[in-house]
1. I'm checking my understanding of the structure. Among residues of region 112-138 that are under 24 Å from Leu159 (Cβ atoms) and free of Cβ contacts under 8 Å to residues at least 24 places away in the same chain, which one is surrounded by the most Cβ atoms within 10 Å (Cβ to Cβ)?
2. When residues of region 191-212 are filtered for being touching a Leu at 6+ places or on another chain (Cβ under 6 Å) and among the small types (Gly, Ala, Ser), how many remain?
3. Please tell me if Leu125 is in contact with a helix residue (DSSP H, G or I) (Cβ under 6 Å, 6 or more places away or on another chain), over 28 Å from Ala213 (Cα atoms) and not aromatic (Phe, Trp, Tyr).
4. So which residues in region 64-80 are in contact with a Ser or Thr (Cβ under 9 Å, 6 or more places away or on another chain) and assigned to a helix (DSSP H, G or I), if there are any at all?
5. What number of residues within region 94-111 satisfy the criterion of being surrounded by fewer than 16 Cβ atoms within 10 Å (Cβ to Cβ) and either more than 11 Å from the chain's Cα centre (by Cα) or not polar (S, T, N, Q) (or both)?
6. Restricting the search to region 1-22, which residues are of a type in the set (Lys, Arg) and either at pLDDT 90 or above or within 21 Å of the chain's Cα centre (by Cα) (or both)?
7. Is it the case that some residue within region 175-185 is aromatic (Phe, Trp, Tyr) and farther than 15 Å from Tyr118 by Cα?
8. How about region 124-146: which of its residues are within 20 Å of the chain's Cα centre (by Cα) and farther than 21 Å from Tyr32 by Cα?
Amino acid sequence: MKSAFHLFKRTRELEQKIDSFFDKFSETTVVYRLTIRVYLKEGLNDEFENRLERLNALESEADLLRRDIEKQLYTNTLIPDSRGDVLGLIETIDQLFSLMVGSLWAFSIEKPEIPKEYRIGYRKLTNMVVKAADELGLSGRAYFRSPHDVPAYNHKVTLYEKEADILSTALKKDIFSSDLDLAQKIHLKSFVEQIDSVADMAEDVADRLSIYAIKRTV
């Protein structure tokens, strides 16, 4: 980050760890989108597996950072008034890491056969979901240095989540109006919902973050 966290005036180390945590999150959303794009274009291949491996590494690195942040907040008795909110934010974003990685593991394990006519729908949905997650990442960063900016970022999270819902609903309607057998329809629907759930959770975290930011600005 270009400026120091206003919330942590006593320790640069903690600032760097939180900054690094959000860097991992930002990279994860990029790799997540690219990994699904690879699957839609080429199916399960070495590039997909390599990207999934990278996501696993990012999740592990973020988890270690989360533990370090938690430990430092408690052992150094920092920001007692905001500590619970900071921990809540870090923990819920950590869960979002797991949700993205988990959905890609489902692709790897279940290997859904996605007909060509639906791939653009999955791609558009993924792009919209990632936009919601990216705005959440920006909102999380803003919480520490400019909490007054949090509502603007969260507003975009909500907008992208609503658009993702529209895209997922349209995609599921197309799937279930097709001549595919019921088992494949249900299988394809489950992957639509797994992708869409990333935007749903991003909005949930943004709602909590809005409250945290209000508490910092009153």
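1. Here the residue is Leu138.
2. 2
3. Yes; evaluated as a whole, the condition is true for this residue.
4. Leu65, Gln72, listed by residue number.
5. 7
6. Once the filter is applied, which keeps residues that are of a type in the set (Lys, Arg) and either at pLDDT 90 or above or within 21 Å of the chain's Cα centre (by Cα) (or both), region 1-22 yields only Lys17.
7. Checked against the condition, which is being aromatic (Phe, Trp, Tyr) and farther than 15 Å from Tyr118 by Cα, region 175-185 yields no hits at all.
8. Selection gives Ala142, Tyr143, Phe144.
The values are calculated or read from the model by the stated rules, or taken from the named source; none is laboratory data. These numbers were taken from a predicted model, which means no experiment stands behind them. Neighbour counts are summed over all protein chains in view; Cβ atoms, including those assigned to glycine, are modelled from backbone coordinates with ideal geometry.
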